[in-house]
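Just so it is clear, none of the values below were taken in a lab; they were calculated from the coordinates. Predicted model, so just to flag it, every value in this text is computed and none were measured. With ideal geometry, Cβ positions are generated from the backbone for all residues, glycine too; neighbour counts draw on all protein chains shown.
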């Protein structure tokens, strides 16, 4: 099979987006956790969400310590209020230990969501 970098990139993007779509309301996961499930690094998850994530619940993806970048906080926190995710007293994010997603369930849901994707050619 030939190596197709565009197909590999598209599969990575689609896996990340579909994984984020599986995060339940009121729950968060860290960029690195999403990346570990989708097979990419944490920074790639951030780039993918920045470039293609407008239609997925991006606000459910946080830094490992639960923080949200200042430019995204107002928008993320508005979603959090609707979903019942409490903001920490310092106003920088949430407490992932309290509102973190069940990663085993997320991994299984993500794999089901990828069922129609071709196998990664890489």
Residues of region 103-122 satisfying the condition of being free of Cβ contacts under 8 Å to residues at least 60 places away in the same chain, within 14 Å of residue 27 (Cα to Cα) and surrounded by 12 or more Cβ atoms within 10 Å (Cβ to Cβ): 105
Some residue of region 114-122 being farther than 20 Å from residue 21 by Cα and touching a strand residue (DSSP E or B) at 6+ places or on another chain (Cβ under 6 Å): no
